[in-house]
1. Scan segment 98-120 for residues that are outside any helix (DSSP H, G or I) and in contact with a strand residue (DSSP E or B) (Cβ under 9 Å, 6 or more places away or on another chain) and jot them down.
2. Which residue is farthest from the chain's Cα centre (by Cα), if the candidates are limited to segment 71-91 and must be in a loop (DSSP other than H, G, I, E, B), buried (at least 21 other Cβ atoms within 10 Å of the Cβ) and of a type in the set (Gly, Ala, Ser)?
3. Filter segment 25-41 for residues that are of a type in the set (A, V, I, L, M, F, W, C) and at pLDDT below 95; which is farthest from Leu94 (Cα to Cα)?
4. Considering only segment 188-211, I want to know if a residue exists there that is of a type in the set (S, T, N, Q), buried (at least 21 other Cβ atoms within 10 Å of the Cβ) and not in a helix (DSSP H, G or I).
5. Picking from Gly183, Gly138, Gly193, which residue would you name as being among the small types (Gly, Ala, Ser) and in contact (Cβ under 8 Å) with a residue 60 or more places away in the chain?
6. Within segment 34-64, count every residue that is in contact with a Lys or Arg (Cβ under 8 Å, 6 or more places away or on another chain) and aliphatic (A, V, I, L, M).
7. Starting from segment 89-111, take each residue that is at pLDDT below 95 and list its partners that are hydroxyl-bearing (Ser, Thr, Tyr) and surrounded by 17 or more Cβ atoms within 10 Å (Cβ to Cβ), counting only C-beta distances under 8 angstrom and pairs at least six apart or across chains.
8. Do we find a residue being within 21 Å of Pro151 (Cβ to Cβ), in contact with a strand residue (DSSP E or B) (Cβ under 8 Å, 6 or more places away or on another chain) and either small (Gly, Ala, Ser) or not in a helix (DSSP H, G or I) (or both) anywhere in segment 52-70?
Amino acid sequence: MTKEQAPPGVDPHIPNAARMYDYFLGGKDNFQADRELAELVLSVLPETREGTRENRKLIGRIVEYLLGKGIRQFLDLGSGLPAQQNVHEVALRLAPDARVVYVDHDTVVCTHGRALLAGGDRAAMVQGDVRRPESILGDPEVRALIDFDQPVAVLMMFLLHLVADEDDPQGFVAAYREALAPGSYLAISHVGGDAAPERTARISEFYQKANMPFRPRPGEEIGRFFGDFELIPPGLANGRQQDHTLPFADPGSAMPIDEEMARLGYVGVGRKP
């Protein structure tokens with residue numbers, strides 16, 4: 001992107017978490033400020049690029065897993081810029097009757113998302129603040145595709161560690177859980193705060209320049225996001241466990257498995273009883 005290509009209301013000089021994610025994935029929808037901050041992150045945690053790519057693959061595997069459980073409705077919160085193997089692409093390839101709604105607050109994300117989905121009637125891009133669940137759950141465009149009286153999969157992938165504690169993430173995640181029908185699922189991936197505290201603290205400082213904070217959390221705190229949902233065995237898993245025991249794991253993952261790095265990433269999928 002260039003400054004001239006920035007949509008109205010978008011400041012290309014403020015690093016943006018969604019565009020940084022795009023840069024880590026090797027995309028081109030980012031500005032110089034995004035690339036500079038992303039490179040600072042990589043200077044402290046070079047595994048971020050590969051971890052971001054693995055998370056992208058993980059989303060596709062989770063969607064496939066949930067389709068196998070009969071889920072046909074997906075609400076992808078904080079979806080970020082379109083990339084390969086988007087949720088609707090995986091879902092509709094395997095289940096043409098599936099329906100997908102993406103939600104993001106970022107103007108650039110929504111512009112690209114709507115362009116990608118133009119002409120389709122099984123997926124939609126909604127601009128909204130995921131921290132305000134009542135506005136998302138009541139949005140007419142969301143309601144046009146998602147029937148909350150039937151099981152829904154809510155995806156919060158690589159999202160919640162970009163939400164500050166003062167925004168009450170436990171509270172708004174609970175509101176989404178409560179709105180779901182029995183048999184629904186919640187999927188979360190989250191940067192852990194159990195390992196590399198000095199490096200993650202430096203990255204948190206870097207993100208003070210960005211449009212979102214960076215708030216890694218310990219596994220115990222991440223686990224509370226699932227409330228009384230039944231976690232798919234073995235439960236909330238770190239990078240090492242993902243390689244071996246989760247039903248949607250990738251045994252061929254290219255991620256390093258040293259103990260510190262393994263504990264920097266958590267993933268879990270829970271089912272509402």
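1. Ala98, Arg99, Val100, Val101, Tyr102, Val103, Asp104, His105, Asp106
2. Gly80
3. Phe31
4. Yes, segment 188-211 contains a residue that is of a type in the set (S, T, N, Q), buried (at least 21 other Cβ atoms within 10 Å of the Cβ) and not in a helix (DSSP H, G or I).
5. That would be Gly183, the only listed residue that is among the small types (Gly, Ala, Ser) and in contact (Cβ under 8 Å) with a residue 60 or more places away in the chain.
6. 4
7. Within 8 Å, the pairs are Val109/Ser79.
8. There is at least one residue in segment 52-70 that is within 21 Å of Pro151 (Cβ to Cβ), in contact with a strand residue (DSSP E or B) (Cβ under 8 Å, 6 or more places away or on another chain) and either small (Gly, Ala, Ser) or not in a helix (DSSP H, G or I) (or both).
The values are calculated or read from the model by the stated rules, or taken from the named source; none is laboratory data. The structure displayed is predicted, hence computed values, not measured ones. Backbone-built Cβ (ideal geometry, glycine too); neighbour counts: all protein chains shown.
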